[in-house]
1. With r defined as the distance between the Cβ atoms of ASN263 and GLN221 and R0 fixed at 30 Å, what FRET efficiency is calculated, to the nearest 0.05?
2. In whole Å, what are the Cα extents of region 183-276 along the three principal axes, biggest one first?
3. Under 10 °C and 1.306 mPa s, how fast does region 109-242 diffuse according to Stokes-Einstein, given a Kirkwood radius computed over C-alpha pairs? Answer in µm²/s, whole number.
4. Work out the FRET efficiency for THR90 and LYS231 from their Cβ-Cβ distance, taking R0 = 25 Å, and round it to the nearest 0.05.
5. Once Rh is set to the Kirkwood radius over Cα pairs, what Stokes-Einstein translational diffusion coefficient, in µm²/s, holds for region 115-187 at a temperature of 20 °C and a viscosity of 1.002 mPa s?
6. Give the order of GLU76, GLU257 when sorted by the count of other beta carbons within 10 angstrom, beginning with the fewest.
7. Tell me the volume per residue, in Å³, of the convex hull enclosing the alpha carbons of region 66-150.
8. Excluding residues on the same chain fewer than 8 positions from LYS258, give the lysines whose Cα lies under 18 Å from its Cα.
Amino acid sequence: MHNRRSFQVSVISGEAARPNNAEMRPRERGRCGRRHRLTGTEGSCGEPPPYLQLLTSVEVSRLQWILVEDAAARSELVTRFVAGAGLPCTHLHVPTPRRYKRPGLPRATEQRNAGLAWLRQRHQHLPPPQPGVLFFADDDNTYSLELFQEMRTTRKVSVWPVGLVGGRRYERPLVENGKVVGWYTGWRADRPFAIDMAGFAVSLQVILSHPKAVFKRRGSQPGMQESDFLKQITTVEELEPKANNCTKVLVWHTRTEKVNLANEPKYHLDTVNIEV
Ligand code: UGA
Ligand code: MN
């Protein structure tokens, strides 16, 4: 059993921020693209950040949240949310280089690596054992509370099904005699670990004992970030199935719907300025 007092779950969440109108190129101006814009002040348009929902719904004890904002600086908006979150939260930031902000390229690579670097730096001089489990939580998934309970018993790397992903109702690791023997997936079944980011957790000990394991830009094809990362720290044989031998869906790859701002006025009409 784990030492209950010192046990913690750490979560890294990549967060998309778009430049505000003034910083945007002319053809982008006024077009509110996907996801939220958190750095926008005047003339900003976006959507309520989904992680706000996460923040308010997470009633998980001993959870340490590492939130990494995709921005050159911490935005006021996120800082405020974090302050009122009522759970320990480390708010980091790192901007995705502009050349990587293109459709079809892996996302949140720099943000997850910043979170990993922070964790390693913070823990490297502490004596083992350092109980803890790391989970990479994107901001647009739906998480059940049960998921956080399941991942607490992770010894090295644990896995479970993810709903609404891979073009199917769910993807899941196939389990025989308590071991992962393959993958049920509708997309690129040739992936060494055919699993979404939301489908696994890693013990802090494994993160610390593989100090070079990071998410890669170079050579990483879209959708291969998970496999590339897992290959560096574990093997399929070693995986620990959770969620009743991977037969229960406790997390959903819901994604964020594109915002509809068709009726947003071209120029500021309201009497107040509200950051959204
Ligand atoms: C899928 C996986 O679920 C992601 O974990 C994986 O990062 C991604 O593919 C990929 O490899 O590209 P998907 O729903 O397509 O996810 O991607 P998003 O949810 O749009 O992005 C994943 C995370 O990156 C989110 O937390 C998002 O806020 C963050 N992000 C996205 C940034 O930090 N910066 C961006 O420019 C875009
Ligand atoms: Mn997503």
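Values in this text are rule-based calculations from the coordinates and carry no lab data. It should be emphasised that the depicted structure is a prediction, and the values quoted were computed from it without experimental measurement. As a convention, Cβ positions derive from the backbone with ideal geometry for all residues, glycine included, and neighbour counts pool all protein chains shown.
1. Working: r = 39 Å, r/R0 = 1.30.
Efficiency, from the Cβ-Cβ distance: 0.15.
2. 60, 32, 25
3. Details: Rh = 15.4 Å.
The estimated diffusion coefficient comes to 103 µm²/s.
4. Values: r = 27 Å, r/R0 = 1.09.
Approximately 0.35, to the nearest 0.05.
5. My calculation gives 144 µm²/s for D.
6. Numbers: GLU76 12, GLU257 9.
In increasing order of surrounding Cβ atoms, one gets GLU257, GLU76.
7. Numbers: hull volume 12.1 nm³, N = 85.
Convex hull volume per residue, Cα atoms: 142 Å³.
8. Within the straight-line cut-off, LYS258 pairs with LYS101.
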